[in-house]
Amino acid sequence: MDRLEHARREKLRRWREEFGFEPYGRRVDGLVALAEARAMLDAAAHEAYNESKSAAKDDPSAKIVDRRPRAKVAGRCVQHRPMGKLVFLRLRDHSGDLQISISKSDVEGQMFTLAKKLDYGDIVVAEGPVGMTQKGEVCIWADRLELHCKSLAPPPEKYHGLTDPELRYRHRYVDMYASPETIRVFQLRSELVARMRRFMETWGYLEVETPMMQPIAGGAAARPFVTHHNALDIDLYLRVAPELYLKRLLVGGLPRVYEINRCFRNEGIDRTHNPEFTTLEAYEAFGDCWSMLDLTEALLHELALSVSEADRPIVPYGELEIDYSRPFDRVRYDELFSRTLGFQMTDFAKVRAKAGELTIKDADKLDDWLLVNEVYEHFCEPTLDPSRPTFVTDYPSAVSPLTRPQQDRPELCERWELLAAGTELGTAYTELNDPDVQRAKFTEQLGGADEEVQTFRSLDEDFLNALRVGMPPAGGLGLGVDRMIMLMTNCSSIRDVILFPLLRPH
RNA sequence: GGUCGCGUAGCUCAGUCGGUAGAGCAACCGCCUUUUAAGCGGUAGGUCCUGGGUUCGAGUCCCAGCGCGAUCACCA
């Protein structure tokens, strides 16, 4: 390790002491991206220059004509091939790669020495005419080359980059320059999130920011992270959901609000779960779960079209081709249940028997409907076609404490979940806005909670007060942004779409 | 948390039956003005994840731990 860094530090010293320039550079104006420089190629000018040059060889008095456009670029050196008195470099930036050639006859001696001794990972600025090589590769024939940052770290393998996932996540900044597909995933993520925001704005939604630190962890059943405020001497919880605050905004009079931001859940980590993750939550006064369904379908359809290479909303995901054509598939919860298992979900005796096949903690203490949901998730959800986004509708009220029950069948409620590629992408409700019913549901839920849960989830009296003031009927939506990005970028792990996923510190 | 797999040079990877630690890239020295994973000649580089154990002898077998991955559980 030391010997590799030592070689680089020795060059650093030499550039400073013998060559008298600062290897950590300074401001540079007039740079163009590498892709832009590549696009500046003028094939005719390149031809004319070559002809003029060979004419000058035959007749030394002839003047060389060079109409090739000039470009000034910066990039990280990712290939270095010194060939005697000619050096080929490949630079990389956010837009792609571009080759630079430095001929000893075209630059000052000091610059040529720099070119010869450059290392993989160094950041340089090069300037010169945009032309081609004999093999037809676009190339800047540099007449200036400056070092603007000396990299001291040993680089990863030139062709494979980093393959160990742990190294890729821990040294994301190396992974990003060594593997262009990594940086592309995050560029695409950024574009897609920007598109989501434009979409929501077009649909009349106002973007808001609600507390990340909450005195009561509400809006979802997950275990929260705890932190402490010293001056107030109170424990606070990192939010598990923004839901209860967004609803307060409907009470306050905003008709359509949304938030794209982080939630934190103190649960296990796997391919589809990171402790902090991004959600899009939206609330629409006088909407319901069906208006949210339209919005969700339209949003995913648009995102899929924007990443699809064809003009159809079909996006590859692993072995699958996921088709986001509207309408998405729909199936009622009870229908999927009886279709898969051959009996009604209200046949609780059979549900209990079926649940016996699963390893469920304290199954005999659980409410019938909770068992229904356990059985449903285990046996029914996996039967859905993973290549079609599917809305499962009409969930049991018992597993949906914030949702309005259906008028004619109160054991069911107005709620759907969206599944694709075998994972849950989101859920939407027709929100409960009767304060008395809400209080009863909260109280019932807390009654079943164990001691640990009660430390972080107490009755949110302020939220109930907001409902007492009066919230319009509404539709509410929550979508997992990271999971949507996974689907749109064909990444099988949530860690591949989060820049710095949580890892256990060394 | 359970089960399975992986951990060898800076990086990517071999390492057979338990018998002297290997290659490519990267690095260093030399040659080379059109390379495309450039080439040629030479040099150097190791806590085989950590700690125990078995053995005359352990990268290799056993146990424990750490980290990562897969899967299950958990996560309405």
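The values are calculated or read from the model by the stated rules, or taken from the named source; none is laboratory data. The structure presented is a predicted model; accordingly, all values stated were derived computationally and were not measured. Positions of Cβ are backbone-derived with ideal geometry, glycine not excepted, and every protein chain shown enters the neighbour counts.
Observations on the model:
- Of everything in segment A:425-441 that is within 13 Å of RNA strand B (Cβ to nearest atom) and touching a helix residue (DSSP H, G or I) at 6+ places or on another chain (Cβ under 8 Å), the residue that is farthest from A:ILE322 (Cα to Cα) is A:GLN438.
- Positions within segment A:411-436 being more than 27 Å from the chain's Cα centre (by Cα) and either assigned to a strand (DSSP E or B) or touching a residue at least 12 places away in the same chain (Cβ under 8 Å) (or both), in sequence order: A:GLU411, A:LEU412, A:CYS413, A:GLU414, A:THR430, A:GLU431, A:LEU432, A:ASN433, A:ASP434, A:PRO435
- Condition met for A:VAL73 (in contact (Cβ under 8 Å) with a residue 60 or more places away in the chain, β-branched (Val, Ile, Thr) and either surrounded by 14 or more Cβ atoms within 10 Å (Cβ to Cβ) or not in a loop (DSSP other than H, G, I, E, B) (or both)): yes
- Qualifying residue in segment A:462-475 (condition: away from RNA strand B (no atom under 14 Å from the Cβ), within 28 Å of A:ARG271 (Cα to Cα) and in contact with a strand residue (DSSP E or B) (Cβ under 8 Å, 6 or more places away or on another chain)): no
- From A:LEU12, A:LEU41, residue being more than 9 Å from RNA strand B (Cβ to nearest atom), under 19 Å from A:LEU147 (Cα atoms), surrounded by 13 or more Cβ atoms within 10 Å (Cβ to Cβ) and in contact (Cβ under 8 Å) with a residue 24 or more places away in the chain: A:LEU12
- In segment A:17-35, the residue that is modelled with the highest pLDDT out of those that are within 16 Å of RNA strand B (Cβ to nearest atom) and part of a helix (DSSP H, G or I) is A:LEU34.
- Inside segment A:263-308, residues that are within 16 Å of RNA strand B (Cβ to nearest atom), closer than 19 Å to A:ASN490 by Cβ and hydroxyl-bearing (Ser, Thr, Tyr) make up a count of 2.
- Which numbered condition A:GLU374 misses (of (1) farther than 28 Å from A:MET484 by Cβ; (2) assigned to a helix (DSSP H, G or I); (3) at pLDDT below 90): (1)
- Considered as a group, the residues in segment A:480-506 that are surrounded by fewer than 20 Cβ atoms within 10 Å (Cβ to Cβ) and farther than 19 Å from A:GLU319 by Cβ include one that is farthest from the chain's Cα centre (by Cα), and that residue is A:HIS506.
- Of all residues in segment A:100-114, those satisfying the criterion of being without any contact (Cβ under 8 Å) to a residue 40 or more places away in the chain and either away from RNA strand B (no atom under 12 Å from the Cβ) or not aliphatic (A, V, I, L, M) (or both) are A:SER103, A:LYS104, A:SER105, A:ASP106, A:GLU108, A:GLY109, A:MET111, A:PHE112.
- The listed residue being touching a Gly at 6+ places or on another chain (Cβ under 9 Å), more than 13 Å from RNA strand B (Cβ to nearest atom) and β-branched (Val, Ile, Thr), out of A:VAL251, A:VAL257, A:VAL208, A:VAL240: A:VAL251
- A:LYS135, sole failed condition from (1) surrounded by 18 or more Cβ atoms within 10 Å (Cβ to Cβ); (2) more than 30 Å from A:HIS171 (Cβ to Cβ): (1)
- Looking across segment A:131-169 at every residue that is among the hydrophobic types (A, V, I, L, M, F, W, C) and under 30 Å from A:SER493 (Cα atoms), the one that is farthest from RNA strand B (Cβ to nearest atom) is identified as A:ALA153.
- Residue pairs meeting the criteria (Cβ under 9 Å; at least 6 apart or on separate chains; first among the charged types (D, E, K, R), in segment A:203-227; second assigned to a loop (DSSP other than H, G, I, E, B)): A:GLU209/A:PRO242; A:ARG223/A:ALA217; A:ARG223/A:VAL240; A:ARG223/A:ARG265; A:ARG223/A:ASN266; A:ARG223/A:GLU267
- Candidate set from segment A:377-410 (those that are among the β-branched types (Val, Ile, Thr), within 13 Å of RNA strand B (Cβ to nearest atom) and part of a strand (DSSP E or B)); member that is farthest from A:GLU424 (Cα to Cα): A:THR403
- Condition check for A:ALA221: out of contact with any strand residue (DSSP E or B) (no Cβ under 7 Å at 6 or more places or on another chain), over 19 Å from A:LEU402 (Cα atoms) and surrounded by fewer than 16 Cβ atoms within 10 Å (Cβ to Cβ): no
- Output for segment A:454-479, where each listed residue is free of Cβ contacts under 8 Å to residues at least 40 places away in the same chain and surrounded by 15 or more Cβ atoms within 10 Å (Cβ to Cβ): A:LEU464
- Enumeration of residues in segment A:115-149 that are more than 37 Å from the chain's Cα centre (by Cα) and over 19 Å from A:ALA71 (Cβ atoms): A:LYS116, A:LYS117, A:GLN134, A:LYS135
- Within segment A:151-201, restricting attention to residues that are of a type in the set (Ser, Thr, Tyr), touching a residue at least 12 places away in the same chain (Cβ under 8 Å) and farther than 30 Å from A:HIS301 by Cα, the residue that is surrounded by the fewest Cβ atoms within 10 Å (Cβ to Cβ) is A:SER151.
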